[in-house]
Every structure is written in C-alpha cells, then in structure tokens.
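Here's the structure we're looking at; comments come further down.
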Amino acid sequence: MADLKKLYEAILNGDAKTSAAVTREALAGGSEPMELITGYMIPAMNEVGKLFECEDYFVPELLLSGRAMKSSMELLRPLLAQQGVEPVGRVVIGTVKGDLHDIGKNLVACMLEGGGFEVIDLGADVSPEVFVETARARNAKLVALSALLTVTMNSMRTTIQAFQNAGMRDQVKVMVGGAPVTQQFADEIGADGFSENASAAVALARRLVAA
Ligand code: B12
C-alpha cells in the first residue's frame, strides 16, 4: 500500500520522480485518481503557494513543484478519461498573447481537469485568433484566460473582442484570472467571470457552464 503522504511531500519538495513513483504505486494498490488529486496533490500545491507568498519558496521551487504535479497528472489523466465520467464541460485555456507566465494557468488547468472538465491547454503567449479558432473547432463553451503582466491584461480585452468580431461571443463564457486581474477589470472588459485562485476557478467554471 502506497504511503500517500509521500505523494504530498514529493510535490511539496518538487521531486517529480518520487511523485510519479508513488502515484503509480497508489494506483496499483487501488487508489482512486480523484482521491490522489483532491486529497494530496492539490493540498501540496496549495502549501507551495503559501510558502511562495511568504517567501520561503522562490521561482525554482515553484517550477519544480509544478513539474512534480504534472508528472503525477500525466499518469492520472488517461484514467480520469477512461472512467467515462461525462466531462462537466470542455474548456479552452491559455495565457494571453505576450505573456509567458504559465505556472498559475497550469494549476488552474490541473484543477479543472481534476474537477471533471475536458481541458484544451493552448499554453502561453496565445493570440486571440488561436483562442477563437480552437473554441470554434473544438466546440468549447468555456474559455479561460490567464495574464500575469499588467501590460498583457489588455490582451484579455482583445481576446474577448475577437470572440465578438467572430460572432461567437454569445456562444462562449469567458473567465479570467492571474495575479494583476481583479473583478473590476473582469467587469470592465466584459468577461463572464473572475476568480482569484485555482480552486475557486473550478466552482466558477461549473457555475458558468450551468448558466
Ligand atoms: C515565475 C515568474 C516568472 C517566470 C515565469 C515562468 C513560468 N513558466 O510561468 C519568468 C522568469 C519566465 C518570468 C518572466 C517575466 N516576468 Co515574471 N514573475 C514570476 C513570479 C515570480 C511568479 C508568478 C507565479 O508563477 N506565481 C504563482 C502562481 C501559482 O500564481 P498566479 O500565476 O497568480 O496564479 C494563480 C491565480 O492568479 C489564479 N489564476 C492564474 N491564472 C488564472 C486564469 C483563470 C482563468 C483563473 C480563473 C484564475 C487564474 O490561479 C492561480 C493559482 O491559484 C511573479 C511574481 C509574483 N509574486 O507573482 C513575477 C511577475 C509576474 N513577473 C513580472 C515581470 C515584470 C516579468 C518580466 C517582464 C521580467 C523581465 N523583465 O523580463 C518577464 C516577462 C516575460 C513574459 N513576456 O511573460 C512582474 C509583473 C509586473 C507587472 N505588474 O506587470 C511580476 C509581478 C514580478 C514583479 N514583482 O515585478 N516571470
């Protein structure tokens, strides 16, 4: 039986090898993917966030923990899909044009996936056209935009306008987030929702697809 506390610790310590090994062992021992995600992996990333905020962790630690989380998610993703849990919805997510920050976006993507969404992750520095084309081609009803730079917040506005110009604005819900983004800014650019962190993003996404 895998010691699941080791999964928590491996992510906290940014140890991708151990994180994947414990995940494999846990799955072989009959653990449920969602139990690993919500019980150990997300709490570990939450702790990483807290350590980062109080400056006990810096960017390298953040990146390593993100990588460890990813190494476990790669093993769990096919199982989540296989379990045939009907996806709650399909979401296209990306960091907007001009912005290369993707740690927070990756966390949100992981949490949405863990929360039952089918996630199409376009990565970072994504142009409005690519958001629009992907949402159209994949018939996604939800689009999630991340920005970490005050200068790239405007790309969120441009992306929402691109949906409008493509005549698709009433077919998709757009949620926005990232450290400099506020509810006030979200309202100003006509986004459908904003949340401050990855766990609240899942609840918001659920509300938006249900609306
Ligand atoms: C890591 C980092 C980098 C890394 C990014 C690596 C990567 N792969 O992401 C590197 C070194 C590449 C980098 C580069 C730069 N950076 Co930088 N970076 C940071 C740093 C230290 C941490 C960001 C982070 O990952 N936070 C942790 C994550 C978990 O938090 P988060 O992103 O906010 O995400 C959470 C929420 O916001 C929310 N969320 C995020 N996205 C979304 C999306 C949706 C839809 C929702 C609902 C929620 C949501 O949920 C997440 C989880 O809870 C910040 C400082 C800081 N304290 O924030 C500066 C910071 C963002 N960077 C900054 C700057 C200036 C730069 C550079 C311009 C530096 C330079 N001169 O080259 C370049 C820009 C490159 C570019 N074009 O993007 C400034 C931005 C200032 C500003 N107001 O515009 C900051 C604030 C540092 C500072 N204090 O000056 N950076």
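The values are calculated or read from the model by the stated rules, or taken from the named source; none is laboratory data. From a predicted model like this one, the values you see are computed outputs, not experimental measurements. We place every Cβ from the backbone using ideal geometry, glycine too, and count neighbours over all the protein chains shown. Accessible surface areas use protein heavy atoms only, side chains included; no ligands, DNA or RNA. Shrake-Rupley method; radii C 1.70, N 1.55, O 1.52, S 1.80 Å.
Here are a few things to note about the model shown:
- Rolling a 1.4 Å probe over the protein heavy atoms of region 30-135, with every protein chain left in place, gives an accessible area that is 57 percent carbon and sulfur.
- Greater than 23 Å apart at Cα, pairs in Lys5/Lys50; Lys70/Lys141; Lys6/Lys105; Lys70/Lys105; Lys50/Lys173: Lys70/Lys141; Lys6/Lys105; Lys50/Lys173
- The spacing between region 137-211 and region 40-56, judged by their C-alpha centroids, is 25 Å.
- Where the chain is the region considered: accessible area per residue in Å², 1.4 Å probe: 49 Å²
- Neighbours of Thr182, meaning other residues whose beta-carbon lies under 11 angstrom from its beta-carbon, give a summed charge of -3 when Lys and Arg score +1 and Asp and Glu score -1.
- For region 91-186, a crude dipole built from +1 on the beta carbon of Lys and Arg and -1 on the beta carbon of Asp and Glu, taken about the Cα centre, is about 280 debye to the nearest 20.
- The magnitude of the dipole of the chain, with charges of +1 and -1 set on the Cβ of Lys/Arg and Asp/Glu and taken from the Cα centre, is near 520 debye.
- Sum of -39500 (n - 2.57) over DSSP H runs of 4+, divided by residues of the chain (222 nm, nearest 500): -17000 deg cm²/dmol
- Electrostatic tally near Ala211: other residues with Cβ closer than 15 Å to its Cβ, Lys and Arg +1, Asp and Glu -1, net +3.
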